[in-house]
Amino acid sequence: VKEGKEPCMCAYKVVKVHFKVPGVQAKIETFAQTSMRDAFLGYSRKVYCWMDEWIDLSLEDIREFEQETERQTQKKLAVFEEEQLALKNTKSFKTKTFGFI
């Protein structure tokens, strides 16, 4: 932050929803747009509340944080995928999924 200047953040979010099914198109598009708006507002509130934690970070610090977050996410996804694969191979999963067997 430059001396005498206040921090400023601007974020643009573009969401396009096209659901071309007669009879339900307007309802689905409205639902999707409302859901995305609510999600973005919630995220923006969190970013604002956590500003003290990131306002003084350099671009390099932010890139390191992003890389660490990506590594953690990849680990969690790998565990999730292993669990899903194990569930697929069990009879209880097949019974719950298809209602027979």
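Bear in mind that the values in this text are calculations on the coordinates, not laboratory data. Keep in mind that this is a model prediction, so the values were computed, not measured. Here Cβ is always computed from backbone atoms with ideal geometry, including for glycine, and neighbour counts include all displayed protein chains.
Computed values, structure above
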{"read-out": "Estimated distance in nm for a label pair at V14 and S35, the labels positioned 7 Å out from Cα along Cα-to-Cβ", "value": "2.2 nm"}
{"read-out": "Where trypsin sites (Lys or Arg not before Pro) in DSSP loops with at most 16 other Cβ within 10 Å are excluded, longest remaining stretch of the chain", "value": "21-101"}
{"read-out": "FRET efficiency estimate (nearest 0.05) - Cβ-Cβ, K46 to T69, R0 22 angstrom", "value": "0.95"}
{"read-out": "Cα-based helix-to-principal-axis angle, 59-88 vs the chain, degrees rounded to 10", "value": "10 degrees"}
{"read-out": "P(r), alpha carbons of the chain - 10 Å bins starting at zero, rounded %", "value": "11, 20, 24, 28, 12, 4, 1, 0"}
